[in-house]
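Asks: Once you've had a glance at the structure underneath, I'll fire off some questions.
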Amino acid sequence: VQLQASGGGSVQAGGPLRLSCTTSRRTSRNNGMGWFRQAPGKEREFVASISWRGENTVYADSVKGRFTISRDNAKDMLYLQMNSLKPEDTAVYYCATARSSYSSTRMDQYVYWGQGTLVTVSS
């Protein structure tokens, strides 16, 4: 297993949750990384991305101001801090490694994917 997402669970609307993604040097070294999500009956969508050094981050409009993506390259970890959660944030969240060192919103720019962790937000 090259990427392992964790931290999902059930939370009430307005609450926080922090996702983590364990990577390996082989899959994340010098690479941008991202979070995507897939709600029941919907297509997978972009959530947030971060460049290799962390100096560039991009967010989907739906999560901007509520979610924060970060990484710790020394620990080979990727994080997604989610605040002010809404029921529409309910989905399986996936972490992924990009083809390049840049951040990207496009799914086809990612080569390695984690298995996903379920986030359920109740109203």
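Asks: With runs of 4+ DSSP H residues as the only contributors, calculate the mean residue ellipticity of the chain at 222 nm using -39,500 (n - 2.57) per run, divided by the residue total and rounded to the nearest 500.
Replies: -500 deg cm²/dmol
Asks: What does the convex hull of the Cα atoms of the range 1-60 come to per residue, in Å³, rounded to a whole number?
Replies: On the way: hull volume 7.2 nm³, N = 60.
Each residue corresponds to 121 Å³ of Cα convex hull volume.
Asks: Could you pull out every one of the aspartates and glutamates with an alpha carbon less than 16 Å from that of K64, ignoring same-chain neighbours closer than 8 positions?
Replies: Within reach: E45, E88, D89.
Asks: Just to make sure I understand: if all protein chains stay in place, what is the order of T117, T68 by accessible area at 1.4 Å, largest first?
Replies: Order by accessible area, largest first: T68, T117.
Asks: Let me spell out the model: positive unit charges on the Cβ of Lys and Arg, negative unit charges on the Cβ of Asp and Glu, origin at the Cα centre of the chain. What dipole size does that give, in debye rounded to 20?
Replies: In debye, rounded to 20, the chain gives about 300.
Asks: So what is the relative contact order of the range 1-47, in percent, for Cα pairs below 8 Å that sit 6 or more residues apart?
Replies: Relative contact order of the range 1-47: 29 percent.
Asks: Okay, moving on. For the chain, what is the accessible area per residue in Å² when the probe is 1.4 Å?
Replies: 51
Asks: Given the C-alpha centroids of the range 84-112 and the range 1-62, what is the distance between them in whole angstrom?
Replies: Rounded to whole Å, the Cα centres lie 5 Å apart.
Asks: Considering Cα pairs under 8 angstrom that are at least six residues apart, work out the relative contact order of the chain and quote it in whole percent.
Replies: On the way: 327 pairs, mean separation 46.1, N = 123.
So the answer I get is 37 percent.
Asks: OK, next. What relative contact order, as a whole-number percentage, does the range 59-123 give when Cα pairs under 8 Å and 6 or more residues apart are counted?
Replies: Numbers: 75 pairs, mean separation 19.6, N = 65.
Reported as a whole number, the value is 30 percent.
Asks: With all protein chains present, how much of the accessible area of the range 2-123 (probe radius 1.4 Å) comes from carbon and sulfur, to the nearest whole percent?
Replies: 46
Asks: Kirkwood hydrodynamic radius of the range 1-111 from all distinct Cα pairs, in Å?
Replies: Numbers: mean 1/r = 0.0723 Å⁻¹.
Roughly 13.8 Å, rounded to one decimal.
Asks: Need the full-extension length gain, S100 to D61, defined as separation in residues times 0.36 nm minus the C-alpha distance. One decimal, nm.
Replies: 11.7 nm
The values are calculated or read from the model by the stated rules, or taken from the named source; none is laboratory data. All values derive from a computational prediction rather than experimental measurement. Please note: Cβ atoms are built from the backbone with ideal geometry, for glycine as well, and neighbour counts cover all protein chains shown. We work out accessible area using only protein heavy atoms, side chains counted, and drop any ligands, DNA or RNA first. Shrake-Rupley method; radii C 1.70, N 1.55, O 1.52, S 1.80 Å.
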